[in-house]
Amino acid sequence: MVQVRKNRVLARRRSLGVIGVLMFCWASNGVAQTGTAKLTVSGTVNSSIGLIFRNNPSVGTNGFCPLSNPDTNNVGLDLGVASFTTGDSLACVGFVAAAGFYLVSSAFDVVVSQANSTSASYNLAAALSAAPPVNVVWLMNFTTLTTTFTTFQNNNTYGQRVTETLRVLVNQNVPPQNLFETILVQATAN
């Protein structure tokens, strides 16, 4: 009986050993399993141009009014209240009256930056958002503005301040009204 018991114990040990080896082989096969996949990525780098308006260092003196919201691409410029006979209400506005017209003006700076571009310089153009009243002429520097983009600066260097002067020429016979205009300024790489 001892021999039968010994054989049973040995048979159990062998069975456990075989089960252990099979489990090890099964676990090894589970870890060694791999899968691969391919991800193809595409992208495009675009060149870009940024344009901001800045107060000129002479701001506050005659011909250099402060911008509202400076150092951004969305600013405002107050040219005061003007008339042919009394001049302008703001000391910072340049004012000249002659030959039945008066001219109000103020200067500011434009800074254009670039990224991811080989362009060496840029041009500036401007356009009015709406046609002005009769006998009112808007000018950037001395270029008359219309509702179509008109270039007023050529071959400017990126990253440098460029001083521009906005002028409004008004006939003395224009009836009293608020002159309000949105001027679009566009930088184009050369």
Task: Flag if Ser105 is surrounded by fewer than 18 Cβ atoms within 10 Å (Cβ to Cβ) and touching a residue at least 24 places away in the same chain (Cβ under 8 Å) - done: no
Open item on the list: Out of everything in the range 101-120 that is at pLDDT below 95 and not aliphatic (A, V, I, L, M), what residue ends up being nearest to Val59 (Cα to Cα)?
Closed with: Gln114
- [ ] Answer yes or no as to whether Val110 is among the β-branched types (Val, Ile, Thr), in contact with a Lys or Arg (Cβ under 8 Å, 6 or more places away or on another chain), under 29 Å from Val45 (Cβ atoms) and not in a loop (DSSP other than H, G, I, E, B).
- [x] yes
Open item on the list: Please verify whether Asn74 is part of a loop (DSSP other than H, G, I, E, B) and either of a type in the set (Val, Ile, Thr) or at pLDDT 95 or above (or both), treating the condition exactly as stated.
Closed with: yes
Task: Residue among Val170, Val185 that is more than 16 Å from Ala125 (Cβ to Cβ), part of a strand (DSSP E or B) and touching a residue at least 40 places away in the same chain (Cβ under 8 Å) - done: Val170
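Residue by residue, here is whether (1) under 28 Å from the mean Cα position of the chain (by Cα); (2) at pLDDT below 95; (3) farther than 19 Å from Phe64 by Cα holds:
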| site | (1), (2), (3) |
| --- | --- |
| Leu139 | yes, no, no |
| Thr150 | yes, no, yes |
| Tyr158 | yes, no, yes |
| Val162 | yes, no, no |
| Thr165 | yes, no, no |
| Leu169 | no, no, no |
| Asn173 | no, yes, yes |
- [ ] Check whether at least one residue in the range 61-70 is farther than 30 Å from Asn171 by Cβ, surrounded by 11 or more Cβ atoms within 10 Å (Cβ to Cβ), modelled with pLDDT of 55 or more and of a type outside the set (Val, Ile, Thr), and report yes or no.
- [x] yes
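The values are calculated or read from the model by the stated rules, or taken from the named source; none is laboratory data. Because the structure is a prediction, the values reported are computed rather than measured. Positions of Cβ are generated from backbone atoms using ideal geometry, with glycine treated the same way; all protein chains shown enter the neighbour counts.
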